[in-house]
Structures are given as structure tokens and as C-alpha cells.
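Before any comments, here is the structure.
The values are calculated or read from the model by the stated rules, or taken from the named source; none is laboratory data. Because the structure is predicted, anything quoted here is derived from the model rather than measured. In this analysis, Cβ positions are derived from the backbone assuming ideal geometry, glycine residues included, and neighbour counts consider all displayed protein chains. Note: accessible area is taken over every heavy atom of the protein model, side chains too, but ligands, DNA and RNA are not part of it. Shrake-Rupley method; radii C 1.70, N 1.55, O 1.52, S 1.80 Å.
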Amino acid sequence: SNSSPPLRRRAIPKQARATATVDKILDAGGTALSERGLQGFNTNLVAELAGVNVATLYHYFPDKNAVLLALFERDDLRRVTAISKALAELGTTPDLRAYLAELLSALVSFRLDHPEAIPLRRACRAVPELIEAEEASNRQMAYQIAVALRNRYPSLSAARARVAGEVITRMSATVLDFAAEQPRTAK
């Protein structure tokens, strides 16, 4: 089929004030998601929490799924940036066990320190636009892991590194989702 993908954003902010408005909308979207969950998430609530008219929200986002997608993309950029930095160190780290423990701890903390991350992860399993975006992100992450593994273990074949990257990506997401869903205990 030759149909174009659905429009994710109606307007891309070009001026600082417009960028600040979009940031306020996304911050409010994160708050709405963390406080009300996916079922209570809607554009009227997000606009109210952002202190903007709902028409302003619709100027930038055609619907609530577009807001969710932008939240995912913002969260994913933070995550990918942190993981990419860590993966660059994989090839040279002397203590692999400590490296992996620190990486896992940082990933769990990242999810727990961003209240919208857990309901956003749930949305990634329920909203088609987010399922698709997460799959694309996972493919990219699996590729980066495969490259890092080949840098650390040059004798590893490209095919095995690719499979390992895919398995590590899927298993990590599952373990992190499980860990993030557990009740927090006081330290």
C-alpha cells in the first residue's frame, strides 16, 4: 500500500516560546500519566495540567496518542543516550561484573526516578503507535549491543552478536519492567 503514515505532530515548534509550550505539554502529559494511568489519560487533562488551552495542545498534537508517542520518544532518547554511553565502555571495562551491575542499577533507577516511565511502559504494550516505536527502538538498541559485543569479543560472529543483542534487549526490557512494577521499599 502507498498510504503515508499518520501525522504524529501537527506543528513542530520553531521558536523558544513554542518549544517551551510543547515541553510544558509533555511534562503535564507525564504527570497525567503517572497520576491517572493510561485509562485516565486524555488531552483535556493534559492541557489543564499544562496551563494551556486544549486548542493549543491540538496545534502541536492531533490526539492523545501523539502526546504519548512524544513522551515515549523523549524518554527513549534519555535512555538510549545513557545506554549508548555505557555500551561504548563495554569494550574496555576491566570488571565486567561490576560494569553490568552498575548498568542494571542505573537503568532501574532511571525508571523509578521518572514517575511516568512505568505507566509509559504499560502504554508501550497497549497503544499501537507506541508498540511500533518501541520495536524500532529495540531494533536499534539490539544493533548497538551487537556492535559493542563484537568490540569486546572480536571472535564473536556477526550473526551470534546480532542474536545476542536481540535477546539481551528483550530480556532487559522484561527484567526492568518487572523490577519497576515491584513496590518500592524504604532504604
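Annotations
- Among (1) more than 16 Å from Leu130 (Cβ to Cβ); (2) modelled with pLDDT of 95 or more, the one test that Ala32 misses: (1)
- For the condition in contact (Cβ under 8 Å) with a residue 24 or more places away in the chain, among the hydrophobic types (A, V, I, L, M, F, W, C) and under 18 Å from Ala164 (Cα atoms), Leu130 does not qualify.
- Top-ranked residue in segment 12-23 [being closer than 17 Å to Asn65 by Cα and open to solvent by 20 Å² or more (accessible area, probe 1.4 Å); ranked as modelled with the lowest pLDDT]: Ile12
- Of the residues Leu149, Leu130, the single one that is assigned to a helix (DSSP H, G or I), buried (at least 17 other Cβ atoms within 10 Å of the Cβ) and under 13 Å from the mean Cα position of the chain (by Cα) is Leu130.
- With respect to the stated conditions, Asn138 fails to be in contact (Cβ under 8 Å) with a residue 60 or more places away in the chain and among the polar types (S, T, N, Q).
- The conditions of being part of a helix (DSSP H, G or I) and either touching a Lys or Arg at 6+ places or on another chain (Cβ under 7 Å) or open to solvent by 80 Å² or more (accessible area, probe 1.4 Å) (or both) are met by Glu166.
- Residue in segment 154-162 that is assigned to a helix (DSSP H, G or I) and either in contact (Cβ under 8 Å) with a residue 24 or more places away in the chain or at positive phi (or both) present: no
- Among the candidates Ser105, Ser137, Ser109, residue that is of a type in the set (Ser, Thr, Tyr) and surrounded by 15 or more Cβ atoms within 10 Å (Cβ to Cβ): Ser137
- Scan of segment 43-97 for residues that are over 22 Å from Gln140 (Cα atoms), part of a helix (DSSP H, G or I) and either open to solvent by 60 Å² or more (accessible area, probe 1.4 Å) or modelled with pLDDT under 90 (or both), ordered by number: Asn44, Glu48, Leu49, Ala55, Tyr58, His59, Lys64, Leu96, Arg97
- Subset of segment 57-71 that is among the aliphatic types (A, V, I, L, M) and under 20 Å from the mean Cα position of the chain (by Cα) - its residue that is nearest to Ala133 (Cα to Cα): Leu69
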